[in-house]
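In what follows, a structure is listed as structure tokens, so that the remarks can point back to it.
The values are calculated or read from the model by the stated rules, or taken from the named source; none is laboratory data. Keep in mind that this is a model prediction, so the values were computed, not measured. Cβ placement follows ideal geometry from the backbone for every residue including glycine, while neighbour counts extend to all protein chains displayed. For the accessible areas, the whole protein counts, side chains as well, though only heavy atoms, and no ligand, DNA or RNA atoms are used. Shrake-Rupley method; radii C 1.70, N 1.55, O 1.52, S 1.80 Å.
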Amino acid sequence: MKKNNGFIKGALCGALAVLLVAGLVSCGSRMNKASAGKEEVVDNETEDKLEMLQQLIDGSYLGDVDEDALQSGIYKGYINGLADPYSVYYDKEETEQLLETTSGEYSGIGAVLSQNRETGIITILQVYDDSPAQKAGIQDNDILYKVEGEEVTGVDLTEVVSNIKGEEGTEVKMTVLRGDANDEVEVTAVRGKVEAQTVKYEMKDGQVGYIRVSEFDSVTYDQYKAAIEDLEGQGMKGLVVDLRNNPGGNLATVCDMLDLMLPEGLIVYTEDKDGKRSEETSDEEHQFKLPMTVLVNGNSASASEIYAGAIQDYGLGEIIGTQTYGKGVVQQIFDLKDGTCVKLTIAEYFTPKGRNINGKGITPDVEVEYEADKANPEADNQLDKALEVIKGNM
């Protein structure tokens, strides 16, 4: 068992530095939280307790000790103490993987995952075509039960994704639950280079374009723009944008996409803890003028709600489906200058008309519950309604 004198003291200072990026405190000092109107004392009590725990581990703990993991655990625990599901500390490996995820290019299996906020259950929303996941036999709507033999229900989704990703050519073993009977299916996927297939499109009957956006990554804008241009070249007379099961993503990306659709004006604005307002606006160069609808459901969150809210506020199209997730807060990633980072909730966002949908979601203009048709798995009554609404406006 390795021992590292000074580990606890260094870990404590580092943990404080995670949140106090501006360098307002050091170990054993006093922090003034002016916005809260009170002072919070950081004295030696916490450091003493950590040293006591270290002594107990050194003297009594049976197993081997990974002190890097202990130190990282302090930082993670510090951020977890905020009780904010969207604020997370990332170690070096997790930071690298996070940056890959937001770029839309990474080494992994090629699947989109979503986690239920209340149950912690992780569902595979989409399997990319010709991806390692598809080749391994993973299917849309499978429930992810285990990764490398470890149950993942309730585990932070970012951590689960990090464990699934890895070096190209390596294997990852997973267990999924499938169908109404939740049959256990074990699969092994060989990780490969993946560019997120975030946009799929086709022309429906009556020259109505259909674009499905599964997430908002850095690659999504170019894919979306190309889809719009191709459909317009085919003589599109109306458009359905499908954001069902889209968990969100990059704020800049969704704003760029909306700039292709909206007239000149406000796209979205945010307000931070001090009430400082920041605005994202569209210019007059592009505006989509054909009839359109936007499909949403309870898994449409964050950037999806920004998109749907803006289209709804400008009256450019009708929102079809069910109430959205209700994530109306914005996160920012802070580089901690040592290969790690922390993601913190820093602001609330508001639709162009000033709606804050956090905890409430976007209410559709036309509410339609999805009804599965076992006799026809391809049937989609929500999409049928979206097409019907568009054709009625053409």
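The single condition among (1) over 24 Å from residue 118 (Cβ atoms); (2) under 19 Å from the mean Cα position of the chain (by Cα); (3) exposed (fewer than 13 other Cβ atoms within 10 Å of the Cβ); (4) not hydroxyl-bearing (Ser, Thr, Tyr) that residue 171 does not meet is (2). Screening 265, 233 for residues that are open to solvent by 10 Å² or more (accessible area, probe 1.4 Å), farther than 20 Å from residue 318 by Cβ, modelled with pLDDT of 95 or more and small (Gly, Ala, Ser) leaves exactly one candidate, 233.
Taken as a whole, the structure places residue 153 among residues that are under 30 Å from residue 334 (Cα atoms), hydroxyl-bearing (Ser, Thr, Tyr) and assigned to a loop (DSSP other than H, G, I, E, B).
Residues are listed down the side, and each one gets a yes or a no for (1) farther than 23 Å from residue 124 by Cβ; (2) of a type in the set (Ser, Thr, Tyr):
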| position | (1), (2) |
| --- | --- |
| 206 | yes, no |
| 211 | no, no |
| 220 | no, yes |
| 233 | yes, no |
| 240 | yes, no |
| 259 | yes, no |
| 269 | yes, yes |
| 274 | yes, no |
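In the set (1) farther than 30 Å from residue 393 by Cβ; (2) in contact (Cβ under 8 Å) with a residue 40 or more places away in the chain, residue 184 fails one condition alone, (2).
Conditions tested, residue by residue: (1) under 20 Å from residue 209 (Cα atoms); (2) β-branched (Val, Ile, Thr); (3) open to solvent by less than 40 Å² (accessible area, probe 1.4 Å).
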residue: 315; (1), (2), (3): yes, no, no
residue: 331; (1), (2), (3): no, no, no
residue: 335; (1), (2), (3): no, no, no
residue: 340; (1), (2), (3): no, yes, yes
residue: 351; (1), (2), (3): no, yes, yes
residue: 359; (1), (2), (3): no, no, no
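Can you find even one residue in the range 177-199 that is within 30 Å of residue 235 (Cα to Cα) and touching a Phe, Trp or Tyr at 6+ places or on another chain (Cβ under 7 Å)? The answer is yes, given that some residue of the range 177-199 is within 30 Å of residue 235 (Cα to Cα) and touching a Phe, Trp or Tyr at 6+ places or on another chain (Cβ under 7 Å).
Just one of the listed residues (219, 240) is surrounded by 22 or more Cβ atoms within 10 Å (Cβ to Cβ) and of a type in the set (A, V, I, L, M), namely 240. Scanning the range 199-216 for residues that are under 19 Å from the mean Cα position of the chain (by Cα) and either loosely packed, with under 15 Cβ neighbours inside 10 Å or polar (S, T, N, Q) (or both) yields a single hit, 214. The criterion of at least 1 residues that are of a type in the set (A, V, I, L, M) and at pLDDT 50 or above is met by the following strands (runs of 3 or more DSSP E) wholly inside the range 1-107: 88-90.
Note on the range 113-137: residues that are open to solvent by less than 10 Å² (accessible area, probe 1.4 Å) and either out of contact with any Gly (no Cβ under 7 Å at 6 or more places or on another chain) or farther than 16 Å from residue 163 by Cβ (or both) amount to 5.
Go through the range 190-207 residue by residue and tally those that are closer than 21 Å to residue 245 by Cβ and either touching a residue at least 40 places away in the same chain (Cβ under 8 Å) or out of contact with any Asp or Glu (no Cβ under 8 Å at 6 or more places or on another chain) (or both). Counting residues in the range 190-207 that are closer than 21 Å to residue 245 by Cβ and either touching a residue at least 40 places away in the same chain (Cβ under 8 Å) or out of contact with any Asp or Glu (no Cβ under 8 Å at 6 or more places or on another chain) (or both) gives 9.
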